[in-house]
1. For the stretch 114-134, give me the residue count where each residue is under 21 Å from the mean Cα position of the chain (by Cα) and open to solvent by 20 Å² or more (accessible area, probe 1.4 Å).
2. Can you say whether P251 is of a type outside the set (S, T, N, Q) and open to solvent by 30 Å² or more (accessible area, probe 1.4 Å), as far as the supplied structure shows?
3. Any residue in the stretch 385-394 that is without any contact (Cβ under 8 Å) to a residue 60 or more places away in the chain and open to solvent by 10 Å² or more (accessible area, probe 1.4 Å)?
4. Residues being part of a helix (DSSP H, G or I) and open to solvent by less than 40 Å² (accessible area, probe 1.4 Å): count how many of those fall in the stretch 337-353.
5. Return a yes/no flag: does the stretch 398-420 have any residue that is modelled with pLDDT under 90, among the acidic types (D, E) and out of contact with any helix residue (DSSP H, G or I) (no Cβ under 8 Å at 6 or more places or on another chain).
6. Say we look at the stretch 259-274 and pick out the residues that are surrounded by 20 or more Cβ atoms within 10 Å (Cβ to Cβ) and over 12 Å from the mean Cα position of the chain (by Cα); which of these is farthest from G76 (Cα to Cα)?
7. Of all residues in the stretch 155-179 being in contact with a Ser or Thr (Cβ under 8 Å, 6 or more places away or on another chain) and open to solvent by 10 Å² or more (accessible area, probe 1.4 Å), which is modelled with the lowest pLDDT?
Amino acid sequence: MAGRLSALFEAQDMTQGSPMGNLARFSVPLLIGNMAQQLYSTADSIVVGNYVGDGALAAVGASNPILNLLLVLFMGISVGATVMVSQYFGAKDRDKLSATVGTTITATFVASVFIMIVGPLVTRPIMSLLGTPEDIFEDACIYLVIIFAGIIGSGYYNILSGVLRGLGDSVMPVIFLIIACLLNIGLDIWFVAGLHWGVAGAAIATIISQVVSGALCLIRLLKMRDLLEVRPAHLWPRSFYIKQLIKLGLPSGLTQAIFSFAMIIVQSLTNSFGTVVIAANTVVMRVDGFAMMPNFTFGTAMTTYTGQNIGAGKLDRCVKGTKAGLKLGLSVAVVLVALILLFGQYLMELFTQTPEVISTGMRMLRILAVGYVAMGVTQILSGVMRGAGDTMTPMWISLVTTVVVRVPIAYGLEFLTRPEGGAMGSGTPDPLFLSLLISWLAGAVITAIAYRKGRWRKKSIVAVPAGQGSGKDVPLEPDQI
């Protein structure tokens, strides 16, 4: 019993054993972690919405697209590091694994300092450009500036937890996140409800909690000396590893940038509808985070699983794992979406008691419902491609579905719903979410086609001897997938 318990806290080798078992064991703590992550980001909105009001709730929501746009550096580094770590771990290459982790630690520091400097400088100009309503403008700016000033904690948690997952450790990042989540909730209540610091208190609580979680991940990683050893020499970035991080991470970073930029454009449309719709949108995006959890969970699991097996030269296990991942991920997604539709109103009442905000939010959720299952297909198959080293294909798919599909449809449908001679925002807010649903459905179809084409089978960064199942040596026929 003690042996089984201790095994939960060790790195998981997914190149052996049942693919379904591997993914289930890896994904359960990851799903719990994603729930904690969502609760973490939701705590600010719940406390602010209940103790300050709908205006402050809208201010926190209006700041999210700008925050996400400047976090693309972390996204890129995290994906690149996860792919490299999982493949070198699968190949049992200790030296390259250690060098990759050292380079990642340094790159995270540099990216954090850049955002800490640039973020506060661009906050007010961007918020003005988006036409943020005057009644929430100051609160939104205050929240963003404080978050940017303490972004280093978030950077180290999000990136180093990705490195730990690449090593097969999905348990410890969850434990660290739960600690940070509980700390964040306690500080939120103290700073906002007790000390009456408003949105500034929520932001300060967030950055303190993130610093704690980031520090715990760093300590955990430095203590895993049985797998790697990060010496001072490894912290000096070498061109080979920097190039690999950029090659693998840049497409994912650009994907997030494209998505965030599109969200900013749509946020401008959202702002035109006024504070009630902004507040409803904020609440829906928080509930949406819970509905998306299985999709992101199994997408991340497939990246690590595929990376390890590609590194070990076991492409046949990647294909079996993909089928297992789809079964697990879509089953959980269907159940969770059903629960959210049944109990979504009660979730929204945690944020606000305003009937108009709640009714608008529930209408938005019903529009999005089917799309969550489609996003499961997209995330899982994209996770396979990224784990194999093909990070470009998901980027192009995101570009098409977000920029070419969603943005024009959102503005086009809103224009068609306006009364004659009406200004932007005088129509119905439904196009905000109808456009998102259509883009999700299109993404699932395009991603499935790209997966079947199989370019991902030939993208490994690890050299595998011929005859061991590498995608470079033993390509699968489409009917084998």
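1. Kept after step one, since they are under 21 Å from the mean Cα position of the chain (by Cα), are these residues of the stretch 114-134: 114-116, 119.
Next, only the ones that are open to solvent by 20 Å² or more (accessible area, probe 1.4 Å) stay: 114, 116.
Residues that pass the stated criteria total 2.
2. no
3. Within the stretch 385-394, the first condition is being without any contact (Cβ under 8 Å) to a residue 60 or more places away in the chain, and the residues that meet it are none.
Taking every residue of the stretch 385-394 in turn, none turns out to be without any contact (Cβ under 8 Å) to a residue 60 or more places away in the chain and open to solvent by 10 Å² or more (accessible area, probe 1.4 Å).
4. The first filter runs over the stretch 337-353 and keeps only residues part of a helix (DSSP H, G or I), leaving 337-348.
So of that shortlist, the ones also open to solvent by less than 40 Å² (accessible area, probe 1.4 Å) come out as 337, 340, 344, 348.
Summing the residues that are part of a helix (DSSP H, G or I) and open to solvent by less than 40 Å² (accessible area, probe 1.4 Å) in the stretch 337-353 gives 4.
5. Checking the stretch 398-420: at least one residue is modelled with pLDDT under 90, among the acidic types (D, E) and out of contact with any helix residue (DSSP H, G or I) (no Cβ under 8 Å at 6 or more places or on another chain).
6. Taking the stretch 259-274 and keeping what is surrounded by 20 or more Cβ atoms within 10 Å (Cβ to Cβ), we get 259-260, 262-263, 266-267, 269-271, 273.
Add one more test, that the residue is over 12 Å from the mean Cα position of the chain (by Cα), and what stays is 262-263, 266-267, 269-271, 273.
Details: A262: 18, M263: 18, V266: 23, Q267: 23, L269: 28, T270: 28, N271: 29, F273: 33 Å.
For the stretch 259-274, the residue satisfying everything is F273.
7. R165
The values are calculated or read from the model by the stated rules, or taken from the named source; none is laboratory data. It should be emphasised that the depicted structure is a prediction, and the values quoted were computed from it without experimental measurement. All Cβ positions, glycine included, derive from the backbone under ideal geometry; neighbour counts span all protein chains shown. For accessibility, only protein heavy atoms count, side chains too; no ligands or nucleic acids. Shrake-Rupley method; radii C 1.70, N 1.55, O 1.52, S 1.80 Å.
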